[in-house]
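Q: Have a look at this one before I ask anything.
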Amino acid sequence: MTRVRWFFLFFLLCGASLLVGARQMEWSQLLSSSEDAWLTLTASRLPRLAALVLTGVGLSVCGVILQHIVRNKFVEPATSGGLDAAKLGILVSLTVAPAAGTAGKMAFALAFCFAASLLYVALIRRIRFKNTILVPVIGLVYGGVLSAVAEFYAYRNNILQSMQGWLLGDFSRIVQGNYEIIYLILPIVALTYLYAQRFTVLGMGEGMATSLGLNYAATVALGLMLVAVTVAATVITVGAIPFVGLAIPNLVALRHGDNLGRTLPIVALCGASLLLACDIAGRLLIYPFEVPIGLTAGGVGGVLFLILIIRGRR
């Protein structure tokens, strides 16, 4: 599918996202300057659309960065412990700094996600698995341990119910005034594109990257920080959404290769389109109620993850 077709599909999904919802809204109402229609559009539908697009772009770009750092196609925040670490950071912020606002909670989530990602990368580099499938398996086990620690911490501090809000991605609570922190993804994507060639070289391995004059440690640290900021912003705003960063980069790489300077815009566009499609499906499956996007995106991504693993074993 050419870029033109992807752009056409993306804008089609954007239009459908603005019109689909529990409250019926048509373009004719907007053209007639209906106050109710415009309020619904500006206070709910447009913020939700912006959050969907930025989350899809951010998570897919995160997957690309992690896959080049670890040199494994099956790695993304959900299979490296990043999402679970961010949730643990938010829970710790609720007890250590209960008066902290959204920025404070994000700072905790960012710190925990960055530290967990550093530990995961160090673990993978130390063990040096010969079987590439073991790398995400270790990441899933690592994430399971972090998730268990988070649940135990929440149980001990009687905030288990608060934890549920970040266990499953959900865009239904996105309204004007409580989602704007997601715009931090815009400079993250810009920096990723700026350093696209360096991340591409990073995927060749430490020896090759160093011989080409790249500061390997600094580039890895930068990549992990970009991932941590994106994951923290998305978990704070909409919750945890798994497998988007795994499925999209792999599907794009199969067709367009691994040169990030060329493929990164396609990855971002496809990630946003996938999340828009999953959100629209979730709003229509049990209309007028809504299936959280963590279920729809996780289901689609999980199936693609299994397919990629089976192909990898062959």
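The values are calculated or read from the model by the stated rules, or taken from the named source; none is laboratory data. All values reported here derive from a predicted model rather than from experimental measurement. Using ideal geometry, Cβ is built from the backbone for each residue, glycine included, and neighbour counts are taken over all protein chains shown. Side chains are part of the model used for accessible areas, which takes the heavy atoms of the whole protein and leaves out ligands, DNA and RNA. Shrake-Rupley method; radii C 1.70, N 1.55, O 1.52, S 1.80 Å.
Q: Considering region 185-218 alone, what residues qualify as being open to solvent by 80 Å² or more (accessible area, probe 1.4 Å) and of a type in the set (A, V, I, L, M, F, W, C)?
A: If the condition is that a residue be open to solvent by 80 Å² or more (accessible area, probe 1.4 Å) and of a type in the set (A, V, I, L, M, F, W, C), then L186, L194, M204, M208, L212 are the ones that fit.
Q: Can you tell me which residues in region 208-263 are at pLDDT 85 or above and among the acidic types (D, E)?
A: Scanning region 208-263 gives no hits.
Q: Take the conditions farther than 22 Å from C62 by Cα, open to solvent by 70 Å² or more (accessible area, probe 1.4 Å), hydrophobic (A, V, I, L, M, F, W, C) and modelled with pLDDT under 85 and apply them to A99. Does it pass? Show your work before the answer.
A: On the way: farther than 22 Å from C62 by Cα: yes; open to solvent by 70 Å² or more (accessible area, probe 1.4 Å): yes; hydrophobic (A, V, I, L, M, F, W, C): yes; modelled with pLDDT under 85: yes.
When the stated conditions are applied, A99 passes them.
Q: Step by step: first the residues of region 232-278, then only those that are more than 15 Å from the chain's Cα centre (by Cα) and polar (S, T, N, Q), then the one that is surrounded by the most Cβ atoms within 10 Å (Cβ to Cβ). Which residue is that?
A: The residue in question is T263.
For (1) closer than 30 Å to E180 by Cα; (2) touching a helix residue (DSSP H, G or I) at 6+ places or on another chain (Cβ under 9 Å); (3) acidic (D, E), each residue gets a yes or a no:
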residue	(1), (2), (3)
F199	yes, yes, no
L222	yes, yes, no
T237	yes, yes, no
L254	no, no, no
Y287	yes, no, no
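Q: Okay, next question. Here's a check for you: in region 127-172, which residue that is among the charged types (D, E, K, R) and at pLDDT below 75 is most open to solvent (accessible area, probe 1.4 Å)?
A: Taking region 127-172 as the starting set, the residues that turn out to be among the charged types (D, E, K, R) are 128, 130, 151, 156, 170.
Of the ones still in play, those that are also at pLDDT below 75 are 128, 130.
On the way: R128: 175, K130: 203 Å².
By that ranking, first place goes to K130.
Q: I need the full set of residues from region 111-126 which are open to solvent by 40 Å² or more (accessible area, probe 1.4 Å) and either among the aliphatic types (A, V, I, L, M) or touching a residue at least 24 places away in the same chain (Cβ under 8 Å) (or both), in order please.
A: A111, F112, F114, A115, L118, L119, A122, L123
Q: Report the residue count in region 289-299 for those that are open to solvent by 20 Å² or more (accessible area, probe 1.4 Å), in contact (Cβ under 8 Å) with a residue 40 or more places away in the chain and touching a helix residue (DSSP H, G or I) at 6+ places or on another chain (Cβ under 6 Å).
A: Total meeting the criteria: 1.
Q: Kindly provide the set of residues from region 194-222 that are touching a Lys or Arg at 6+ places or on another chain (Cβ under 9 Å), assigned to a helix (DSSP H, G or I) and farther than 16 Å from I124 by Cα, ordered by number.
A: Scanning region 194-222 gives A196, A209, T219, L222.
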